[in-house]
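Participant: The structure under discussion is supplied below as structure tokens; questions concerning it will follow.
Values quoted throughout were computed directly from the atomic coordinates according to the rules given, and no laboratory measurement underlies them. It should be emphasised that the depicted structure is a prediction, and the values quoted were computed from it without experimental measurement. Here the Cβ positions follow ideal geometry from the backbone for every residue, glycine too, while neighbour counts run over all protein chains shown.
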């Protein structure tokens, strides 16, 4: 029985992407290591993404608090707002939303950058000159994305909680110490550690997908735009799938505690 064309293309690309990821591990473990380029990519991918991620997180915390407040007051449990917002942001909203912002900014940037290098034959020129383009371009960017996204998520969570604190103070006076003390009274390590660990996988997926799409670009400048767009769409979808898997694993671990 012949598979439908779309299914066959999907399976073929999934296999190609898996081989691309396996090559990342092979190349990444072998010297020579491109330390300087890795540090530069950490700056570009991590530090330069902080303003956008921080602004989004601040607005998210503020809006979430303002939306929750009327309902919580109606049921007479407004004292639980800090705990609810804190757990929601740390466990789920912060990691996922920051990862989606990261996928939109960094995934498209990597896809477009490597795609333009591919169609202008810069990658071929690197191979001719004796440089390993895969190690220099793919390994450094994927590693930087894997390491920088968890840091961005932690900072974004803190900014988002501060936005929530300001949102609370729009309606009632609440001290900074009392607000955060309420949050940490309800947060446990089982909330924080899985939320941070899964962002390493999010970062790796975003980095490797962006690099794969750009590294395998074809059809000239039209392909560059297609690679950037496809990198964002696919990496965002994979973030949701990985998050679903992470939630299931966390629930199973809590079930057997």
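Participant: Can you classify the stretch 1-87 as rounded, prolate or oblate using the Cα gyration tensor, where a ≥ b ≥ c are the square roots of its eigenvalues, rounded means a/c under 1.5, and otherwise it's prolate if a/b beats b/c and oblate if not?
Facilitator: In terms of gyration-tensor shape, oblate.
Participant: While we're on this one: Fewest first, what order do 16, 157 take by the number of other Cβ atoms within 10 Å?
Facilitator: 16, 157
Participant: Taking only C-alpha pairs under 8 Å that are 6+ residues apart, what is the relative contact order of the chain in percent?
Facilitator: Taking the mean separation of contacting Cα pairs over the length of the chain, I get 32 percent.
Participant: Viscosity 1.002 mPa s, temperature 20 °C: what is the translational diffusion coefficient of the chain from Stokes-Einstein with a Kirkwood Rh over Cα pairs, rounded to a whole number of µm²/s?
Facilitator: Value of D from the Cα-based Kirkwood radius: 107 µm²/s.
Participant: Moving to a separate point now. For 62, 241, 137, which order do you get if you count the other beta carbons within 10 Å of each Cβ and list the fewest first?
Facilitator: 241, 62, 137
Participant: Just to be sure I understand the model, the point goes 7 Å from the Cα along the line to the Cβ. What's the resulting residue 13 to residue 244 distance in nm?
Facilitator: Each label point is offset 7 Å from its Cα along the Cβ direction, giving 1.8 nm.
Participant: Treat the count of other C-beta atoms within 10 Å as a stand-in for reagent exposure and order 30, 213, 135, 173 from fewest to most.
Facilitator: Ranked by crowding around the Cβ, least crowded first: 173, 30, 135, 213.
Participant: Quick check on the chain: helices-only [θ] at 222 nm, where DSSP H runs of length 4 and up contribute -39,500 (n - 2.57) each and the sum goes over total residues. Nearest 500, please.
Facilitator: -27000 deg cm²/dmol
Participant: Could you grab the relative contact order for the stretch 139-257? Cα pairs under 8 Å, six or more apart, rounded to a whole percent.
Facilitator: About 33 percent, as a whole number.
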